[in-house]
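For reference, the structure is listed below as structure tokens.
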Amino acid sequence: MAGSGQYEEPSGEVLGRAAEAFGLLAAPARLHIVWLLAHGERDVSALAEQVGGALPAVSQHLSKLKLAGLVRSRREGRRQVYYVGDPGVVAVVRLMIGQLAEQEREQGPEYRQGSRQGHGQVYERGAGPVRRLRGTGA
């Protein structure tokens, strides 16, 4: 619907902030943390156990997510409890992971095996390698 005038194009600043947020979520550990928090509040120990990461590493991920405004925290006694305060972030994370999980269920194990093969290359199901663009992470 380009040119239809039914939407307002975002500013460069908004696009930049969105790119930063997606960049933070590009790390599997941080995405896992946000996904877990989208399903309920947790402290750093519970997150480290569920993510399978070391406590200091998970704490560092949480600090980055918190600085970006994707995660919030509050103190409960001696514990710091983390949560996702923005329902929009929850919706985006649940939608993306849910969609990919559904594709995996529908297409079986070959989907998972075919989605990432080879170093620096991404394979799409039924297609040859797609080279990553340097410096873009894509």
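No value in this document is a laboratory result; all are computed from the given coordinates. Quick caveat: nothing in here was measured; it's all calculated off a predicted structure. Here the Cβ is made from the backbone with ideal geometry for all residues, glycine too, and neighbour counts use every protein chain on show.
What the table shows:
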{"read-out": "Burial order of peptide ranges 6-19, 67-80 (average beta-carbon count within 10 Å, highest first)", "value": "67-80, 6-19"}
{"read-out": "Neighbour-count order for H39, H61, H32, fewest beta carbons within 10 angstrom listed first", "value": "H39, H32, H61"}
{"read-out": "Least to most buried among D86, D43 (fewest other Cβ within 10 Å first)", "value": "D86, D43"}
